[in-house]
């Protein structure tokens, strides 16, 4: 026999199907239920003679999911120092920028030169002034830099700032060697050697000493030594 089938939810009829054949699986349409609620349901089947109730089943629905909050991009970084178009900046300097994110996200901050070469990247909390490590730059050189900040979803880029480093100051006291006094002890030795040569010549003539090769060699060595001493004093 054909039958009529009705679905009940919390003892309220939800849907009825008519003229259902025997051994037929019937599926209701979709229900629009509330979050985090317990429901009961059952089925009533009727033919021309009988009415039969199914067992009652109980189920609960899921909790309402957290609303999806759209991400807010980090704010545009504010460059702090060196200031734009500043000059005479120390060659040993740090780059500073202020970063902020309205979602209070953890930030990743990257410093770049204008040619897009990376200087340094750092993690940062929001609403914070962050700086690079100490940079060793060239004297009397113009640099341009900018900052990129991201919350790993969106990003923002700062303006480009330019600065020029200081001119190198040369310490003349280091370059010019101090004037040293001549070593008079060497001069004294030279004078003594000259006197010795004179004495040898004088007494060899006075005493009629026969000059030999050894005497000539000694005199020649003394003369050469005196010449070297004079040259040394001149160069010194």
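Per-structure values
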quantity: Taking 39, 108 and counting other C-beta atoms within 10 Å, the order from fewest to most; calculated: 39, 108
quantity: Fewest-first sequence of 37, 94 by Cβ atoms within 10 Å of each Cβ; calculated: 37, 94
quantity: Relative counts (whole %) of C-alpha pair distances in segment 78-165, using bins that are 5 Å wide; calculated: 3, 15, 27, 26, 15, 9, 5, 1, 0
quantity: Share of alpha-carbon pairs per 5 Å distance bin for segment 1-120, given as whole %; calculated: 2, 7, 12, 11, 8, 6, 5, 4, 4, 4, 4, 5, 5, 6, 5, 5, 4, 2, 1, 1, 0
quantity: P(r), alpha carbons of segment 3-60 - 5 Å bins starting at zero, rounded %; calculated: 4, 16, 29, 24, 14, 7, 4, 1
quantity: Sorted by Cβ neighbour density within 10 Å, fewest at the top, the residues 161, 128; calculated: 128, 161
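Read-outs: derived from the displayed coordinates by stated rules, not from any lab. Remember, it's a predicted structure, so these values are computed and weren't measured experimentally. Positions of Cβ are generated from backbone atoms using ideal geometry, with glycine treated the same way; all protein chains shown enter the neighbour counts.
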